[in-house]
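This report concerns only the one structure given below.
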Amino acid sequence: MLKQRIITAAWLAPLTLLGLFGLEGVPFALFTAVVVLLAGWEWTRLAGLESSRQRGLTVAALGGAMLLLGLMGATHATWPLYLGALGWLLNLYWVTSYPARSAQWRFSGVRLAMGAWVLLPTWVGFSVLRESGAVWLLFVLLLVWGADIGAYFVGRALGRRKLAPSVSPGKSWEGVAGGVLVSSLLAVLFAVWQGLGVTDGLGLLAVTIIVTLASVLGDLLESMLKRHRGLKDSSQLLPGHGGVLDRIDSLTAAVPLFALLHLGVS
């Protein structure tokens, strides 16, 4: 398993970095669209669709919606991000009330709609951040990765109080605090690097804390759906690493929210 993880990471990491930072405009939108469509294929499984035909048609509909958004110029607009933010408030309600309110989203149609308000704003958020400057796309990626690392090590060393035991028993409030600490330090470093003043620096710090907490919710949402379906991974598209969703679950919440808040404070 470790050997397979290393082999997959050896080609996946440079491909991802090349796509995210070596492309711009339409090529970048197409690259991120492929990632989101792969995640959409996995989401159909989380939604309970079994037929390959049904899953394929659903992914095609997702692709059609992305094409329509692109033609409308929505990848330059904030309204899809606002709609996504509203959807994440509903996701927060369902995650924090699991399993008591699971009947509200157990139907496949509801979970497919959930996928739409998660994945479409993620695609828009990537485009918005790339156009605002690669540095901010880099920042949100490092923010999420740093928070994950901080949460893992602090949670293992100090974790006592469970964050959401019915959704993800391994996560703790201490781990969340460790993730927030790492991402906050990263925000301070970026503020200094970018020459931000005190006011803008504090604004970036506040946004960073909010987005870090949102990234935790992104992780928990996928964990909840996998637990409901009895799945360990969203798929085996990435040998040794699970599925695409398993790699970007935190980003699906962090990217659109950071794009929205960053536009609001920049």
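A few remarks follow.
- Whole-Å distance, taken between Cα centres, linking segment 157-182 and segment 58-81: 35 Å
- Each of the GluC sites (Glu not before Pro) that DSSP puts in a loop and that has at most 13 other Cβ atoms within 10 Å breaks the chain; the longest unbroken stretch is 51-266.
- Helices in the chain, meaning DSSP H runs of at least 4 residues, each add -39500 (n - 2.57). Divided by all residues, the mean residue ellipticity at 222 nm is -27500 deg cm²/dmol.
- Shape of the chain, Cα gyration tensor, a/c cut at 1.5: rounded
- For L220, L71, L196, order by how many other beta-carbon atoms lie within 10 Å, fewest first: L71, L196, L220
- For segment 18-154, the square roots of the Cα gyration tensor eigenvalues, ordered a ≥ b ≥ c, give a/c of at least 1.5 with a/b no greater than b/c, which places it in the oblate category.
- The gain in end-to-end length when the A10 to L23 segment is fully stretched comes to 2.7 nm, 0.36 nm per residue minus the alpha carbon separation.
Any read-out appearing in this document is the output of simple, stated calculations on the displayed coordinates, not a laboratory observation. The model shown is predicted, which means the values in this text are computed figures rather than measured ones. Every residue, glycine as well, gets a Cβ built from its backbone with ideal geometry; the counts of neighbours run over all protein chains shown.
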